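What follows is a single structure, written as structure tokens, with notes after it.
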Amino acid sequence: MHITFENKTVVVTGGTRGIGAAMVEAFLESGAKVYATGTDFQVLNELNESEKLKSKPIEYLYLDFTSPDSVNDCLEILSKLDRIDVLVNNAGVNKIDTIDEIMDEDWDWINTVNLRGPFVVTKALAKKMKEQKSGKVVSVSSIFGVVSKEKRAAYSTTKWGLIGLTKAIALDLAPYNILANAVSPGFVDTELTRRVLGDKGIDELVGKIPQQRLANCKEIAKTVLFLASEHNTYITGQNIIVDGGFTSA
């Protein structure tokens, strides 16, 4: 099955590292014009000025969901595009604490980025998709939006909510030929995962995953690409879990 995004415009939030960077690379390889967002000015400037990327149809934009001015500026840029075929809501944050120790400001921060952010961007870009009478929205949730774990109250709340948002907007947008789905990765082999868990933690975790390994970022990206592609014509309002069987064990 050949997936192409020739003449398609794709927006990926949180597209500078990890799963987001893998998705950006996969969309570019498939011929898309990509607008990717991030929060680190230095990283964004380096990527925009990179010799490797200068010949590719990609632009990195600053988008910080905790700053209304940043959100407005980014959405103003995106609203001027001729068309937007795909939106991937990928930006997310986490901070772990037990329910009695979560700081109010951390709760608000995680909700602002993980849940309000996708709502605001989807609300804005859905208008253009409705005018086109076509589009795909894919939101990256988590297995912690399906199951949970200690110290994940804030994170699970937002990821559960993102799946709920996905199901609701799928119904709103279905009459306009717009499909909306969520992808919930399990444990992915990223720099952050290895830094947080360490080698011992990784080994213990792998023993609980039926496939006996972590996912790699490209595997998550492939799932997102399929849902965003022309090969997906009838899947909407769904949450696709990509976890090597972890939540089924």
So, in nm, how far is label residue 70 from label residue 116 when the simple model puts each one 7 Å beyond its Cα toward the Cβ? 1.3 nm
Final fewest-first order of 119, 27, 246, 65 on the 10 Å Cβ neighbour count is 119, 246, 65, 27
By how many nm would the segment from residue 218 to residue 205 lengthen if fully extended, with 0.36 nm per residue of separation less the alpha-carbon distance? 2.7 nm
Given pairs 95/222; 8/123; 54/167 and cut-off 31 Å on Cα-Cα distance, the over-length ones are 54/167
As an exercise, take the mean of 1/r over every pair of distinct alpha carbons in the chain, invert it, and state the Kirkwood radius in angstroms. 18.5 Å
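Please give the length that would be gained between residue 52 and residue 103 if that part of the chain were fully extended, namely 0.36 nm times their separation in residues minus their C-alpha to C-alpha distance (nm, one decimal). Please list the in-between numbers first.
On the way: separation 51, 0.36 × 51 = 18.36 nm, distance 4.18 nm.
Going from the current span to full extension adds 14.2 nm.
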Please enumerate, by chain and number, the aspartates and glutamates with C-alpha under 12 Å from the C-alpha of residue 130, excluding those fewer than 8 residues away in the same chain. 85, 172
Residue order, fewest to most surrounding Cβ atoms within 10 angstrom, among 1, 129, 23: 1, 129, 23
When the chain is treated as a Gaussian network with springs between alpha carbons less than 10 Å apart, the largest mean-square fluctuation among 95, 33, 149 is found at 149
Taking amide H atoms as placed 1.01 Å from N in the peptide plane, list the residues 5 or more away in sequence, or in a different chain, whose amide H sits under 5 Å from that of residue 14. 37, 38, 91
Quick query: amide H of residue 182 versus all other amide H atoms, modeled in the peptide plane; which residues come in under 5 Å with a sequence gap of 5 or more or a different chain? 139, 238, 239, 240
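Can you pull a Stokes-Einstein diffusion coefficient for the range 173-249 at 25 °C (0.890 mPa s), Rh from Kirkwood over Cα pairs, as a whole number of µm²/s?
Details: Rh = 14.0 Å.
Stokes-Einstein gives a translational diffusion coefficient of 176 µm²/s.
Since every read-out is calculated from the coordinates, none of them should be taken as a lab result. Source: prediction; values computed, not measured. Reconstructed Cβ throughout: ideal geometry from the backbone, glycine too, with neighbour counts over all protein chains shown.
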